[in-house]
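Structure first, commentary second.
Readers should treat all values here as calculations from the given coordinates under stated rules, not as data from a laboratory. Keep in mind it's a predicted model, so treat the numbers as computed, not measured. Using ideal geometry, Cβ is built from the backbone for each residue, glycine included, and neighbour counts are taken over all protein chains shown.
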Ligand code: NI
């Protein structure tokens, strides 16, 4: 019997043992899966202080939201489809929540403050649930808000001096202390979204 043949079986056993050990080490080192709907505080936290202006011209900051859970999403009134759909969607969910929906706030933050004046936002909101508040501000104020929520938006010229704005469509659900709880995904079905909103309101 050659050296190789004599030692092949123990060598294979040793190699497999090492693999198992390596896998075990990886499993131990990996962070445990997070509980859904819970996010720990830290640098990656979503939300935070902001200063904007509502459709009535009133200043709104995070302090005005304390004590009630809220939903936040970004968009603009000239948006052809995503924003109106999102607003109709949330209006319909609020209707299904009924009076429980009064225990939360819904914020639609304009990513197009140059065109979205409080007056325009007020007119625009007439098509949707009256519990929705629209917010606008200076470019800097809107940028700060988007940054706090890790939301992206970008002006895209469409010719003739016109432009559209690409933006994050996520609906962030925040707890009564302003902490991120979960998000509504556009691809979720209606029941899943409603269940999330019910849980958000019930937990507050
Ligand atoms: Ni939009």
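Table for the structure above
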item: Tensor-based shape of the range 59-129 (alpha-carbon gyration tensor, a/c under 1.5 rounded, otherwise prolate or oblate); result: oblate
item: Contact order normalised by residue count of the range 54-204, Cα under 8 Å, 6+ apart, percent; result: 32 percent
item: In Å, descending, principal axis extents of the Cα set of the range 122-204; result: 48, 26, 26
item: Part-to-part distance (alpha-carbon centres) for the range 107-130 and the range 131-204, which is given in Å; result: 14 Å
item: Linear extension gain, residue 191 paired with residue 117, 0.36 nm per residue minus alpha-carbon span; result: 23.2 nm
item: In nm, spacing of pseudo-spin labels at residue 100 and residue 204 (7 Å Cα→C-beta vector); result: 1.3 nm
item: Cα-based equivalent ellipsoid, the range 64-204: semi-axes from gyration tensor eigenvalues, Å; result: 25, 16, 14
